[in-house]
Amino acid sequence: MDNGLAHEGSAFINFRHYVRDPKEHGFRWVDIKQLRFSAVSLDDRGLLAGLIGHEQFRDDYAGGGVLPDGPRHGPYWLRLITPDLYEAISQERAVQILREWVDPLWDPPAELEADLQREVFNRLAAADGIHYLGELGDEAIHDWGRVHDCFHEFVLIDRSAGQITLVVAADD
């Protein structure tokens with residue numbers, strides 16, 4: 001256990017695997033990390049703090065994977081991310097953000113839609129709390145953080161299941 005959270009598993013949806021032409025949305029993906037917390041755990045802010053401190057959060061999402069001592073999270077310097085930067089949002093708003101990111105120029109293939117439903121949208125529906133990390137500004141972008149064209153991050157808290165899920169949807 002790390003900060004009261006235990007990593008249970010991960011999933012990765014690479015849009016490249018669903019299209020005929022790999023150049024068509026081939027650099028779009030969703031990364032899901034699921035962690036377990038104890039039933040007597042903290043409030044949402046405490047869970048967010050635990051997640052930020054967990055080694056699974058130390059992922060620059062640029063191909064290197066989790067770096068236990070890494071200073072980056074996505075496009076941001078890790079040291080600048082705090083629980084207060086996450087906005088509590090509704091399931092409807094989270095779905096809207098993701099749909100606008102997924103669907104603007106194409107109709108997703110049925111296989112991709114099914115995987116997104118299972119791995120992302122079903123988890124959104126089950127969550128008691130959904131927190132969204134908005135744009136942090138230029139001062140928070142690390143030295144090569146602009147590799148991501150879009151970066152959407154959601155933290156889903158499902159208290160009945162004792163799970164917190166980090167969902168990152170991005171283009172690079």
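Numerical summary
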item	result
Verdict on residue 86 being at pLDDT 90 or above and of a type in the set (Phe, Trp, Tyr)	yes
Index of the failed condition, residue 101 passing every other in (1) at pLDDT below 95; (2) over 20 Å from residue 5 (Cα atoms); (3) out of contact with any strand residue (DSSP E or B) (no Cβ under 7 Å at 6 or more places or on another chain)	(3)
Candidate set from the stretch 40-51 (those that are modelled with pLDDT of 90 or more and surrounded by fewer than 20 Cβ atoms within 10 Å (Cβ to Cβ)); member that is farthest from residue 159 (Cα to Cα)	49
Only one of 86, 61, 76 that is buried (at least 18 other Cβ atoms within 10 Å of the Cβ), touching a strand residue (DSSP E or B) at 6+ places or on another chain (Cβ under 7 Å) and at positive phi	61
Condition met for residue 37 (more than 15 Å from the chain's Cα centre (by Cα) and crowded, with 16+ Cβ neighbours inside 10 Å)	yes
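Conditions tested, residue by residue: (1) open to solvent by less than 50 Å² (accessible area, probe 1.4 Å); (2) of a type outside the set (D, E, K, R); (3) within 19 Å of residue 35 (Cα to Cα).
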| residue | (1), (2), (3) |
| --- | --- |
| 109 | yes, yes, no |
| 119 | yes, no, yes |
| 124 | yes, yes, yes |
| 135 | no, no, no |
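The values are calculated or read from the model by the stated rules, or taken from the named source; none is laboratory data. Treat the numbers as computed from the prediction; the structure is a model and nothing was measured. Note that each Cβ is placed from the backbone with ideal geometry, even for glycine, and that neighbours are counted across all protein chains shown. Each accessible area value is taken on the protein alone, full model and side chains, heavy atoms only, with ligands, DNA and RNA left out. Shrake-Rupley method; radii C 1.70, N 1.55, O 1.52, S 1.80 Å.
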